[in-house]
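Here is the structure we will look at.
The values are calculated or read from the model by the stated rules, or taken from the named source; none is laboratory data. This structure is a prediction, so every number in the text was calculated from the model and none was measured. Quick reminder, even Gly has a Cβ in these numbers, built from the backbone with ideal geometry, and neighbours come from all protein chains shown.
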Amino acid sequence: MSAPMVHAEGVRKRFGRLEVLKGVDLTVERGQVCCLLGPSGSGKSTFLRCINHLEKVDGGRLSVDGQLVGYRQEGTRLHELREREVAERRRDIGMVFQRFNLFPHMTALENVVEAPVRVAGLSRATARAEGLALLDQVGLADRAAHYPAQLSGGQQQRVAIARALAMRPKLMLFDEPTSALDPELVGDVLEVMRRLADDGMTMVVVTHEIGFAREVADTAVFMDGGTVVEAGKPSTVLSDPEQERTRAFLSKVL
Ligand code: ADP
Ligand code: MG
């Protein structure tokens, strides 16, 4: 059997004296969608950033696609990754943030084409063809020549998703992708994510969209205070949770 896409065992992270992750256990199998929920400050973003090599784990084991994050294993020895190796690993992981962070001076298509050309070395023609296909996939085929300022927040976020997909990632991380959007723009972004899930993408999604999590997630994980309080099928965790803390949180967001 192949390794899970994400495997965390007792993952710890501290910022100075503040322990933010206090032993997180979590597994995301290939092709599955894991939705992470929990109150502000519970460590959700930090955990995603650890998966994506943006933060260094202080304890426990964290692996992506069978490889220990931050290390190269040779036999029984572990070598800390060099910057270049980290960059290579990160290419396989797409990340979408609450704020879309598009390059403002580039059109939608140029935003999508930038990394494949500059980082992956694709020819501009190939990257453009793929970029147009990706913009079509997120429902923005007719916005390729628009600049971010000419697009709505929801459209910008869909460009950001297309941009992440352009590197052909094996794992997509979403950190509250719809939290900054006007309510009427949320649906289109969730729809793009839902289709991505249907196509078999492995996804870890931090979200407060309980409806989305119920319908799309294979696993729902409730975090609080730097640990996983409860994890399992969304039908259980989000509708009939075992833990009082999960119940209290859901009663506030629903
Ligand atoms: P969440 O995404 O669940 O809201 P975060 O992972 O963003 O939680 O933050 C968890 C805790 O870690 C918070 O108390 C936050 O202030 C703290 N924190 C996050 N990043 C840093 C950092 N770079 N330096 C210091 N503290 C941080
Ligand atoms: Mg966060």
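Which residue pairs have Cβ atoms under 9 Å apart, sit 6 or more places apart or on different chains, and have a first residue in segment 227-254 that is more than 21 Å from G43 (Cβ to Cβ) and a second that is among the basic types (K, R) and surrounded by 14 or more Cβ atoms within 10 Å (Cβ to Cβ)?
S235/R214; S239/R214
Considering only residues that are more than 20 Å from P169 (Cβ to Cβ) and either assigned to a loop (DSSP other than H, G, I, E, B) or in contact with a Ser or Thr (Cβ under 9 Å, 6 or more places away or on another chain) (or both), which ones fall in segment 51-70?
Taking segment 51-70 and keeping what is more than 20 Å from P169 (Cβ to Cβ), we get 56-61.
K56, V57, D58 - these are the residues of segment 51-70 that are more than 20 Å from P169 (Cβ to Cβ) and either assigned to a loop (DSSP other than H, G, I, E, B) or in contact with a Ser or Thr (Cβ under 9 Å, 6 or more places away or on another chain) (or both).
For segment 193-211, check the following and say yes or no: at least one residue is touching a residue at least 40 places away in the same chain (Cβ under 8 Å), polar (S, T, N, Q), under 26 Å from N52 (Cβ atoms) and touching a strand residue (DSSP E or B) at 6+ places or on another chain (Cβ under 7 Å).
Keep residues of segment 193-211 that are touching a residue at least 40 places away in the same chain (Cβ under 8 Å), which gives 195, 197, 200-208, 210.
Next, only the ones that are polar (S, T, N, Q) stay: 202, 207.
Filter once more, keeping what is under 26 Å from N52 (Cβ atoms): 202, 207.
Retained after the next criterion (residues that are touching a strand residue (DSSP E or B) at 6+ places or on another chain (Cβ under 7 Å)): 202, 207.
The answer is yes, given that some residue of segment 193-211 is touching a residue at least 40 places away in the same chain (Cβ under 8 Å), polar (S, T, N, Q), under 26 Å from N52 (Cβ atoms) and touching a strand residue (DSSP E or B) at 6+ places or on another chain (Cβ under 7 Å).
With (1) out of contact with any Leu (no Cβ under 7 Å at 6 or more places or on another chain); (2) crowded, with 22+ Cβ neighbours inside 10 Å; (3) assigned to a strand (DSSP E or B) as the list, and K22 as the residue in question, which single condition is left unmet?
For K22, the failing item is (2).
Does E88 satisfy the condition of being more than 16 Å from ligand 2 (Cβ to nearest atom), out of contact with any strand residue (DSSP E or B) (no Cβ under 6 Å at 6 or more places or on another chain), modelled with pLDDT under 95 and closer than 30 Å to R124 by Cα?
Details: more than 16 Å from ligand 2 (Cβ to nearest atom): yes; out of contact with any strand residue (DSSP E or B) (no Cβ under 6 Å at 6 or more places or on another chain): yes; modelled with pLDDT under 95: yes; closer than 30 Å to R124 by Cα: yes.
In short, yes.
Considering (1) in contact with a Lys or Arg (Cβ under 9 Å, 6 or more places away or on another chain); (2) buried (at least 22 other Cβ atoms within 10 Å of the Cβ); (3) in a loop (DSSP other than H, G, I, E, B), say which one P177 fails and leave the rest.
The single condition P177 does not satisfy is (1).
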